[in-house]
Amino acid sequence: MTAMANFSWKWAAALLTIILALVPFWPGALDSYLFSFLFFVFIYAVMAQGWNLVAGFGGQISLGSHAFFGLGAYTTAILWSGNYLWGSLYETYPRIYYFDPVTMVLSGLVAALAAALIGLPLLSKLRGDYFALGTLGFGEILKVIFVNGGDFTGGAFGLVTPSSTFETLMPHYWTGLGLTAGTALAIGWLMRSRYGLALIAVRDDEMAASANGINTLKVKVAAFAGSAFIAGIAGSLYSYYIFHVGPDSVFNLDWMLLPLMMTVVGGTGTVLGPILGAFIMYAVFDIARIFVPDYHPIISGLTIILAMLFLPKGLVRKILPMSLARN
């Protein structure tokens, strides 16, 4: 029965992905608010998946997602605005698809490398709240570095990327949808692998995992770097959308707080939780911002409090059996 239900929801998820992929062809969709809303949901869902990898599955509460998001955004902006190496791609195919997958992957790798370098000393010495504060401090340090980065980072103003190629949000939308589905599939596969089992073992009982031969530091650093890679890719996508990457926009704490809240509401330690949480919480935040801007923080905060009171394990675990929620 469980196998049949597992098969059914996967087909339902695949069908929903296909429907979302066809949204741009709906008459008037490209000019609608819903189209841009879905695009931002995809970005936040990807960010939430990254945070969920290190915190939900790994048990290491990180408050530095915005740092890696910003690194990814700046890497893309620097490579794009400087026309380094592969910049001719944008001149050759400006009207078809100007996303450069090499630049996006490099943006993720820069973020992952930074996470590995900072993660080794932090994860070897710090636990719990101290590790969380360490990652938060790293994000603020990075922001100051980029503000004082001179011409290379654009200083406090930031960098302006070429916007002449932009004609429609359609490629952004499809890329965001692809990243959302891709990260979910990748993390779902990872959690069923030997590494995923080791990561969950470290989360549940680090001492027991170490006693059974698991290199706990290596497992935790890998999860931290993987989370940063995902955040860096999301930052790269945002850079292609915003065309102006500045310290205040990409190192904003919202890029850490909102994905965290979305994951908690959707369900930490689940694959579907971050996606469902992104849809619900971004809708709540945006509706409150549009219709009652003066009370936006109150309504958003109240929604989170209610979710913690009545859905302490997340919405996904309330809807699906535990065996399905984790897949």
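Total residues in region 191-229 satisfying the condition of being open to solvent by 70 Å² or more (accessible area, probe 1.4 Å), more than 20 Å from T268 (Cβ to Cβ) and either of a type in the set (D, E) or in a helix (DSSP H, G or I) (or both): the figure is 4.
When the residues of region 163-172 are filtered to those that are assigned to a helix (DSSP H, G or I) and crowded, with 17+ Cβ neighbours inside 10 Å, which remaining residue is modelled with the lowest pLDDT?
Kept after step one, since they are assigned to a helix (DSSP H, G or I), are these residues of region 163-172: 170-172.
Next cut, crowded, with 17+ Cβ neighbours inside 10 Å only: 171-172.
Details: P171: 87, H172: 90.
Filtering first and then ranking leaves P171.
Quick check on Q49: is it farther than 20 Å from F243 by Cβ, open to solvent by less than 10 Å² (accessible area, probe 1.4 Å) and either of a type outside the set (G, A, S) or more than 16 Å from the chain's Cα centre (by Cα) (or both)? Against the criterion (farther than 20 Å from F243 by Cβ, open to solvent by less than 10 Å² (accessible area, probe 1.4 Å) and either of a type outside the set (G, A, S) or more than 16 Å from the chain's Cα centre (by Cα) (or both)), Q49 qualifies. Contact map, region 293-308: first residue at negative phi, second residue surrounded by 11 or more Cβ atoms within 10 Å (Cβ to Cβ) and modelled with pLDDT of 80 or more, Cβ cut-off under 6 Å, separation 6 or more or different chains; pairs are H296/A288; H296/R289; I299/A288; S300/F285; S300/A288; T303/V284; I304/M261; A307/V265. Comparison of G277, G267 shows that the only residue that is within 13 Å of the chain's Cα centre (by Cα), of a type outside the set (A, V, I, L, M), more than 30 Å from G149 (Cα to Cα) and open to solvent by less than 20 Å² (accessible area, probe 1.4 Å) is G277. The set of residues in region 121-151 being open to solvent by 70 Å² or more (accessible area, probe 1.4 Å) and out of contact with any Phe, Trp or Tyr (no Cβ under 9 Å at 6 or more places or on another chain) consists of R127, D129, Y130, L133, I141, V144, I145, N148, D151.
Listed residues T175, T180; which is modelled with pLDDT under 95, part of a helix (DSSP H, G or I) and β-branched (V, I, T)?
Values: T180 fails: modelled with pLDDT under 95.
Step by step, each of T175, T180 is checked, and only T175 is modelled with pLDDT under 95, part of a helix (DSSP H, G or I) and β-branched (V, I, T).
Applying the criterion of at least 2 residues that are at pLDDT below 65 to the helices (runs of 4 or more DSSP H) found wholly in region 1-102 leaves 2-22, 88-92.
Only one residue in Y282, Y240 is of a type in the set (S, T, Y), over 13 Å from the mean Cα position of the chain (by Cα) and open to solvent by less than 10 Å² (accessible area, probe 1.4 Å). Which one? Spell out how you get there, then give the answer.
Working: Y282 fails: open to solvent by less than 10 Å² (accessible area, probe 1.4 Å).
After ruling out the rest, the residue left standing is Y240.
The values are calculated or read from the model by the stated rules, or taken from the named source; none is laboratory data. It should be emphasised that the depicted structure is a prediction, and the values quoted were computed from it without experimental measurement. Methodologically, a virtual Cβ is constructed for each residue, glycine included, from the backbone with ideal geometry; neighbour enumeration extends over all protein chains shown. The protein model used for the area step is the full one, side chains on, heavy atoms only, and it has no ligands, DNA or RNA in it. Shrake-Rupley method; radii C 1.70, N 1.55, O 1.52, S 1.80 Å.
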